[in-house]
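K.L.:
Structure incoming, see below.
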Amino acid sequence: MSALDAALPFDFEHRARAALESERRLTVGIVGFGTFGQFLARRLAVAGHRVLATSRGDYGAAARAMGVEYFRGDADAFCEEHPEVVVLATSILSAERVLRALPVQRLKRSTLFVDVLSVKAFPKQLLLRLLPPETDVLCTHPMFGPDSGRGSWSGLNLMYERVRVLSAAEDGPRREARAAAFLRFFAEEGCRMVEMPCEEHDRVAASTQFITHTVGRVLGAMDLRATAIDTKGYQALLELVDNTRNDSFELYYGLFLYNRASAAELERLERALDTVKGGLFDELHEIARRQIFPPSPRGGSPEGSGSDADGGGGGGADEVAAELLPPRGGGGAAAFLDDGGDGGGESDGGGGRRARANGGGGGGRALPSGAPQRRLGDGGGGTRR
Ligand code: NAP
């Protein structure tokens, strides 16, 4: 067999592979080249797709560095390149304005539009309303970003809904193949592909993603710092604060404004905090009451026994108790607990309900209501240890 004959099968294989590659290789145009647009573009380019992008910002150098063709503020030139897939990656708040301004008439009528907005029912309606009916629409939400997906995307969730992809019977096999190729990009990056209606996504995301962002921002507002004795749980909280801080406020506000389930979840979070606080203060109230009014050894009324819970002389009347006790229901800011001193059971801060009331050791002083709130034990900040 000649060397030429031996090379033939390899050549065939090479050409077949090249044909397959070119089928899989998409021209993807990204509209909105901010944090997430760039994050996505980089991976698409590395995976071998041709990537174009348009945005307002001066991202030319960043685009060049990742092999992306950038059209700053020039949506016409961007569309003239006829990307097969257009990914809407602008902020949620600007999505409608940006889509309306896009010269869609310059694109092929069969273009596949994809969005990556972190809310889903809103862009689904928007795309269906504003785009010509010949276009395909795929709504996605990569449930990760530049922080959580910094290294590998393996195991990270990618939610999607094929909102409108013309079938093979309607327009040949290429549209389905193109949508499949775009989704395959995420699957090959290791994402866990979750097909779900956009409306269900929003219901679920309000109580997961929106609450995560909210708690991260609340803790961020507390200006928490690393210490020498951090627990694992506390470190996880600091990490959450860090991840949240890197997302724009606009993104967070979009999660609130454009997901109708978010407001109710925010209220649920507030009520839950009140319930937890209430549990603490109710417990405290009972302990303090038992100390102020210990059961009389003679079985008489504690008020009449002349006992003095506070270590000093006199008092013991209901008015004193009313003044000393924090209001029921967790509304009070007065701290009845003292994490110093000796004697008495005291909170270990690890989420236990043990508390040392009234300074412990029998000689403690109750703080007047309105005194600055004290921490229970060392607090530790951690739920997990
Ligand atoms: P973002 O603040 O939500 O969006 C920034 C992008 O929106 C930039 O491309 C910016 O363009 C563009 N933009 C903002 N206002 C605009 C306006 N008035 N007109 C035109 N463009 C405007 O931050 P992001 O993190 O990059 O998110 C982009 C999208 O991805 C959002 O829809 C978000 O929900 C989604 N997403 C984000 C993450 C994440 O972890 N960050 C994860 C999944 C999905 P210029 O920079 O050119 O001004």
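Computed from the coordinates by the stated procedures, all read-outs in this text should not be read as laboratory data. Since this is a predicted model, take the numbers as computed values, not measurements. Virtual Cβ from ideal backbone geometry, glycine too; neighbours counted across all protein chains shown.
K.L.:
If you count, for each residue, the other Cβ atoms within 10 Å and average over each peptide, how do 124-130, 107-113, 273-279 line up from highest to lowest?
P.N.:
In decreasing order of mean packing, 124-130, 107-113, 273-279 become 107-113, 124-130, 273-279.
K.L.:
Amide H of Val194: which non-local residues (sequence gap of 5 or more, or other chain) have their own amide H closer than 5 Å, using H built in the peptide plane?
P.N.:
It is Leu158, Met159, Tyr160, by chain and number.
K.L.:
With the radius of gyration and the Kirkwood radius both derived from the Cα set of the stretch 3-196, what is their ratio Rg to Rh?
P.N.:
Result for the stretch 3-196 is an Rg/Rh of 1.00.
K.L.:
Sorted by average packing, counted as other Cβ atoms within 10 angstrom per residue and highest first, what order do 259-269, 176-186 take?
P.N.:
Going by the mean number of other Cβ atoms within 10 Å, highest first, we get 176-186, 259-269.
K.L.:
With charges set only on the Cβ (+1 for Lys and Arg, -1 for Asp and Glu), what does the dipole of the stretch 3-196 come to about its Cα centre, in debye to the nearest 20?
P.N.:
Values: 26 positive and 24 negative charges, 99 e Å.
With Lys and Arg at +1 and Asp and Glu at -1, about 480 debye.
K.L.:
List the equivalent ellipsoid semi-axes of the stretch 138-295 in whole Å, largest first, each obtained as the square root of 5λ for an eigenvalue λ of the Cα gyration tensor.
P.N.:
Values: eigenvalues 384, 78, 34 Å².
Largest first, the stretch 138-295 gives 44, 20, 13 Å.
K.L.:
If you don't mind, another one. Want the number for Arg72 to Leu128: 0.36 nm per residue separation, take away the alpha-carbon distance, what's left?
P.N.:
17.5 nm
K.L.:
Hey, another quick one. When the convex hull of the Cα atoms of the stretch 208-260 is projected onto a plane and the area is averaged over all directions, what value comes out in nm²?
P.N.:
3.8 nm²
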